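> Just passing along the structure, written as structure tokens.
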Amino acid sequence: MWEYAFIHDISFDWSPLETVRQMQKGRMYSLERFRSLNDKLHLMDEAVRTHDGNVITAVLIFLKKSLSKEVLFRELEYRQVALQHFVYYLKETGEQKLLLEMLKALGRTEEAALLQYKEHLNIKGQVKKTEYLKNCIGLPLAYDDATFVKDHYTLLDRQIIIEENDKRIEASGQMEVFRKHPRKASILLMPLVTTLYYSCFYHYGESEGTFSSPANLKKTFKISDKQYLLTTLAARAKLKAWKDVDTLFTTKNWLGYTKKKAPIGFHRVVDILHKNNAPVEVIQEYVALVDSTELRLNLASKYKCHNIVIDTYRDLKDRQQLVLYRDKVEKNSQEQRKIDYILSNSQIRWKN
């Protein structure tokens, strides 16, 4: 791209229009003869009219070399198509300093600020990157972008603190969770959700005042209840910490009565528990809490929660389905005897 070689010694006296036509055809051309500002701007306008990106960019490269930055920026401000091509060219060639200077000169402060923020990608070393991000907090960004940059800095700063502390703890062998489950990777530069999962895995139960506690992360980064619940469930289920899982969904009303509640839906709880190889007795407790009868039956059948299937067909007074299910359970098992007992119960008024 942009492979238009300038021919310095050609004496063709072409107009701007004739020159861009030569360029389009891939023939020899010279731009050096266009010396006045008026001719150069005319050339740029003719290039834009071709709608040929390569021609436009070749002319812009020439203007970049032959005009002062101030003049080039000023004229591009009135030629948005050419400006867009120039912005793209500077991004592609990595001329970030010139691009930043131009955006600021044109009053595109938010775009310039975002470009400045993205420079952190080229910075090596976590401490230097964190310091750079800290300096980006005061940039003139839109509210949402400014919040994102601030959260990015806070997260990386937090990760550095957690990483250094956990390295020491793991090396000392003080905490059982690190001994049983050695860390597989550094937490540095991980996304927020991954950081929360890590915190729920290694630092669950810590007070909100500590940087590494899940509650602190939730509050600091305004993590939604559903996202927090999903992430915590996945981490504690991975550790087979079933009591912690139970506590997640246990709520107490003002009278002191407890009940199970899942904002994410108990069907999702069941799926996550199954993925983490939870025992049937744990899974069936949550399958039983699924409101939809059809979904509850499907899940109970899928995960072999026989008692829930049996009790549901009994409550539905569906004798036919109960008889069919009898053939699916193990012969002479407790479940089969339970079905036989229900089928022989004359007090039940079957619907079929």
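> Here is a check on your reading of the model: is ILE308 in a helix (DSSP H, G or I), touching a Leu at 6+ places or on another chain (Cβ under 6 Å) and within 21 Å of LYS338 (Cβ to Cβ)?
Working: in a helix (DSSP H, G or I): yes; touching a Leu at 6+ places or on another chain (Cβ under 6 Å): no; within 21 Å of LYS338 (Cβ to Cβ): yes.
Criteria not met by ILE308.
> When segment 242-275 is examined, which residues are found to be assigned to a loop (DSSP other than H, G, I, E, B), open to solvent by 20 Å² or more (accessible area, probe 1.4 Å) and either in contact with a strand residue (DSSP E or B) (Cβ under 8 Å, 6 or more places away or on another chain) or closer than 21 Å to THR194 by Cβ (or both)?
Answer for segment 242-275, where residues must be assigned to a loop (DSSP other than H, G, I, E, B), open to solvent by 20 Å² or more (accessible area, probe 1.4 Å) and either in contact with a strand residue (DSSP E or B) (Cβ under 8 Å, 6 or more places away or on another chain) or closer than 21 Å to THR194 by Cβ (or both): ASN253, LYS261.
The rows are residues; the columns are (1) modelled with pLDDT of 85 or more; (2) charged (D, E, K, R); (3) open to solvent by 60 Å² or more (accessible area, probe 1.4 Å); (4) farther than 20 Å from HIS85 by Cβ.
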site: GLU3; (1), (2), (3), (4): no, yes, yes, no
site: PHE6; (1), (2), (3), (4): no, no, no, no
site: ILE10; (1), (2), (3), (4): no, no, no, yes
site: LEU17; (1), (2), (3), (4): yes, no, yes, no
site: GLN22; (1), (2), (3), (4): yes, no, no, no
site: SER30; (1), (2), (3), (4): no, no, no, yes
site: SER36; (1), (2), (3), (4): yes, no, no, yes
site: MET44; (1), (2), (3), (4): yes, no, no, no
site: ARG49; (1), (2), (3), (4): yes, yes, yes, no
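> Please specify each residue of segment 251-294 satisfying the condition of being of a type in the set (Ser, Thr, Tyr) and either over 33 Å from the mean Cα position of the chain (by Cα) or over 18 Å from ASN307 (Cα atoms) (or both). I'd like the intermediate steps shown before the answer.
The initial filter retains those residues of segment 251-294 that are of a type in the set (Ser, Thr, Tyr), namely 251, 257-258, 286, 292-293.
THR251, TYR257, THR258, THR293, listed by residue number.
> Continuing with the same structure: Just to be sure I understand the filter: pairs with C-beta atoms under 9 Å, separated by 6 or more residues or on different chains, first member in segment 310-325 and at negative phi and without any contact (Cβ under 8 Å) to a residue 12 or more places away in the chain, second member assigned to a loop (DSSP other than H, G, I, E, B) and surrounded by 15 or more Cβ atoms within 10 Å (Cβ to Cβ). Which pairs pass?
ASP311/ALA288
> Can you work out which of the residues in segment 187-218 that are polar (S, T, N, Q), over 16 Å from the mean Cα position of the chain (by Cα) and under 20 Å from LEU233 (Cα atoms) is most open to solvent (accessible area, probe 1.4 Å)? Write out each step before concluding.
Here is the first cut: in segment 187-218, the ones polar (S, T, N, Q) are 194-195, 199, 207, 210, 212-213, 216.
Now narrow it down to the ones that are over 16 Å from the mean Cα position of the chain (by Cα): 199, 207, 210, 212-213, 216.
Now restrict to residues that are under 20 Å from LEU233 (Cα atoms): 199, 207, 212-213, 216.
Values: SER199: 2, SER207: 75, SER212: 15, SER213: 0, ASN216: 19 Å².
Within segment 187-218, the match that is most open to solvent (accessible area, probe 1.4 Å) is SER207.
> Additional query: Report every pair of residues separated by at least 6 positions or lying on different chains whose Cβ atoms are under 7 Å apart, first residue within segment 190-208 and assigned to a helix (DSSP H, G or I), second at pLDDT 95 or above and of a type in the set (Lys, Arg).
If the second residue must be at pLDDT 95 or above and of a type in the set (Lys, Arg), the pairs left are CYS200/ARG236; PHE201/LYS238.
> Could you check, for segment 335-351, whether at least one of its residues is open to solvent by 100 Å² or more (accessible area, probe 1.4 Å), assigned to a loop (DSSP other than H, G, I, E, B) and under 30 Å from THR231 (Cα atoms)?
There is no residue in segment 335-351 that is open to solvent by 100 Å² or more (accessible area, probe 1.4 Å), assigned to a loop (DSSP other than H, G, I, E, B) and under 30 Å from THR231 (Cα atoms).
The values are calculated or read from the model by the stated rules, or taken from the named source; none is laboratory data. Note that this is a predicted model, so its numbers are computed, not measured. Cβ sites come from the backbone with ideal geometry, for glycine too, and all protein chains shown count toward neighbours. Remember, those area values only see protein heavy atoms, side chains included, never the ligands or the DNA or RNA. Shrake-Rupley method; radii C 1.70, N 1.55, O 1.52, S 1.80 Å.
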